[in-house]
Structure formats: structure tokens, C-alpha cells
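The values are calculated or read from the model by the stated rules, or taken from the named source; none is laboratory data. In this text, all values refer to a predicted model and were calculated from it rather than measured experimentally. So basically every Cβ, Gly included, is an ideal-geometry build from the backbone, and we count neighbours across all protein chains shown.
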Amino acid sequence: MLVKFLPEEVRAKISAGEVIESPSDCVKELIENSLDASANRIEVEIIKGGKRYILVKDDGVGIHPEDLPRVILPFSTSKIERFEDLMSLRSYGFRGEGLHTISRVSRMLISSRFFNQETGYEMKVEEGKVVYVRERGMPVGTKVEVFDLFYNLPVRRNFLKKEDTERTRIIQLVKSYALVRPEVSFRLMSDGKEIMNLPSVKDPKERVEDIYNTRFEELLLERDGIKVRAFLSVSQKRGEIRLFINSRPVQNRELLEYIKRVVGNRRIGICFLEMPQYMLDVNVHPKKWDVRLMQVGKVKELISESIKRKAYLPSLSQEKGHYSAEPELVGIIESTIIVAKWMDSLYFIDQHLLEERINYEKGLSSERACKSAIKAGEKLSTAQANKLLKEWTKLSNPHTCPHGRPMHYRIPLKEVYKQIGREL
Ligand code: ADP
Ligand code: MG
């Protein structure tokens, strides 16, 4: 048996709370269940902002037929057994109350085929009670349908936000999980219209760019067990900041405000933090939207450093206004590093990364940009090197390759003069 009941002392330690207050809360619980079930593909469908109908379908491991009636019982979960498990939690769900709560305030159909079973089963649930379970042919995976949320709680139903508001929330929610799980394909339908259809991709950057339809810079920094991976939009657009901690979308006001300040108002900033589980407590909020961090100061420092590391670099195009001279090729070291003098500095530029960036800004995907770029160790002619240098100064980001690696190292000439004891 996979589903177990949590012992009383564990139940008491899990902060109770209303998990389901809206259709988007439902969608969140269901998507998290699908991800916990190792789904590669998740399809979400809503009608009337989810008030009328919600469907979340996945191709995950499925629910064992014997477990099917148990999943809607309170505190039934296959994810933790002991209180200590809460400390080392990697799954999205763990309280065992998502399906239970939804089932009590809606009509539900849960259909599932467990991965080692020949057939699937469909279970109808009303007000928390099983109406029937019957056999049903279906592929491996799980499909949960929620009809008429809060039909039995008219006051709550009246308090639901407008259809449009709920729809927008659900779109944002699906976006969040799509951002953090690029290897999973997501599709969202609303009132019969396709809103999102994202293929599975390997590179998180590709997913970010697919979703926002604009170019992003990638920043990486890791220290003391904390890892920051952030994506910043290149173009100046309407701002949007998103924060994820250990693959969980979170709304930690303090950090969000902080990131906004560092990044500026008019950028899209997607920030993924990874840290050891003991540094956080995800159990402070019933919907797990917020987490408590043990070392906020350190995290902030790391975030600002990773962002500033990019920002403090002078923008080549800005400097162009002052000096019209073109970069002067000094030479090429080991058929890999182009050395150029430009304005008041000496630049050591990686030939592969440079051409990769040029290809990328011409519109190739990061993968194709890389493949078609000259390799390190391949011989460039002087003419070719000069051409690359010329294009370099026109790049919108002349500092990093599409994956976020710095493509050059700069030494101010002043520094060279100083080191050899000569005034410039
Ligand atoms: P929790 O996610 O906290 O464990 P839920 O009430 O959301 O609690 O789900 C109860 C259990 O039902 C899960 O622990 C899991 O075993 C099973 N389950 C729910 N949704 C799915 C799904 N999409 N695929 C496979 N198993 C599922
Ligand atoms: Mg759950």
C-alpha cells in the first residue's frame, strides 16, 4: 500500500488551514500532485475561470486501484510518514489534504491507471463520499475533474472572484510551474481556447523565453550551499518579478521587494534559489505560498551580487557614443582568444562564445547558435576576426554568451601602465 495515514502527532504539527478558497487553489493542488507523480505532460482545462469545471490530466505513475478511495480521506498521503520527513521535503504535497478538501466542496471524478495495471478506474465523489468506482480503459496516468466548486457552500461560491480574475490567476499559476519545470510539457485550455502550449525543453532559459516571448540573460552564482539562477529580460518591458525556492513558487514579500529594487522596475526577473532544506520552513503557510528563510541576509547578498556582477560591466554600446574608433585586433591566442584593444581597455574575448552570441542575437536558438559557432582551437583569419570584432560592438549584450558565461575579460590600459610603473 502506498497511501498511509499520518499519525496524530504529525497531524497536529502540520499547520491547519483552508487550502482551497478558489479555483486557482484547486488547480495548484492538482498540478502539484501531477508533478509529484513524475508526469512528463500536464494538461489543464478550465471553464468559466474554473468555477464551472477544472480538469488536470497527467501521464504520471497513476494511483493504485486499492488506494483510489483512500486519496480523498483526510491526512492520506504517500509522501511522508514521520515528522522528520517534513524537514527533508522534496515533494510539493505532503499534508494529504488537497484532494480531501476539494472533494468536500465539489463534485469530482478521479480517473487513474496505475503504471503496472492493465486498466484504469474512475471514481465519482460527492461531498467527500465515494459514489462509485468503475473500471475504465485509459492510458497510464491520472485525470482529476472538479465540477461546480463550492456548489454546496453557496456563501463561499458567492465570494469567489470574477471569472476573469480567476482565469488570470490560473494562467499565472500554470506559468509558474511551467517556469520551474521546463522538462514537463504544459497545455492550458480555457473555455475551449488554447491559452498555452509549451513543449518540454532541456534548457530552462528556453522555457523562460518561450513563455515571455523575449530574450533573457542568465545569471548564475553559488556560494555556501546557496545557488542563485536568475533570468533577466534584455528588453525593457513591463516589470515582473518571480521567485522560486527549491522548485516551489513562493511569494516572500521581503525577497520579492528586494529583487525588484536590485533589478529595476522595468525588467522581467525570474529568480530560482536552491538551498539545503534545513534553511527553510515551507510549512508556515497552508498553501505553501510563503517560506521562512533562515539566512535572508545571505540570500539577498547573493542575489544582488549575481545581478550586479552583470550590471557593473560597462555597456559597450553606451561607450560607443564617446569613442567612434573600432576595436583594434591585437592578435589571437592559441586559436581561441581574440585579443583586442578598444577604447581604454584591452579585451580577451573567447572566439566561440562571441560567435555564439552573435548567432543568438540574429535569432538562432541557444543550441543552434552554439552548434554553428566556430570552436575553440579553430583557426580564424585576420579578416574573420576583424569582422567578429565589428559585430561584437553592435551586440545588445556584448558581455556574456547565451548561457550566461562571461565571454570576455577586460583589463583597463591604465592598469597595465600602472603595473609597469608608467603614467598613462
Ligand atoms: P498530498 O499531495 O499532500 O500527498 P493529496 O490529497 O493532494 O495529498 O493527494 C493524496 C495522495 O493521492 C497523494 O499522496 C498521492 O499518493 C495520490 N495522488 C494524488 N494525485 C495524484 C496524481 N495526479 N497521480 C498519482 N497519485 C496521485
Ligand atoms: Mg497534493
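Remark: pairs (first residue in the range 45-57, closer than 18 Å to GLU32 by Cα; second residue surrounded by fewer than 23 Cβ atoms within 10 Å (Cβ to Cβ) and small (Gly, Ala, Ser); Cβ separation under 7 Å; 6+ apart in sequence or on different chains) = ILE46/SER190. All of (1) among the acidic types (Asp, Glu); (2) more than 21 Å from ILE303 (Cα to Cα); (3) not assigned by TED's automatic domain parsing to the domain that holds VAL44 hold for GLU194 with one exception: (3). Under the condition of being over 19 Å from the mean Cα position of the chain (by Cα) and in a strand (DSSP E or B), which residue from the range 233-292 is modelled with the highest pLDDT? Of everything passing the filter in the range 233-292, ARG292 is modelled with the highest pLDDT. Residues in the range 403-424 that are in contact (Cβ under 8 Å) with a residue 12 or more places away in the chain and assigned to a loop (DSSP other than H, G, I, E, B): HIS403, GLY404, ARG405, MET407. Consider ILE195 carefully, then state whether it is of a type in the set (A, V, I, L, M), assigned to a strand (DSSP E or B) and in contact (Cβ under 8 Å) with a residue 60 or more places away in the chain. No, not satisfied. Residues in the range 359-371 that are farther than 10 Å from CYS401 by Cβ and crowded, with 19+ Cβ neighbours inside 10 Å: 1 in all.
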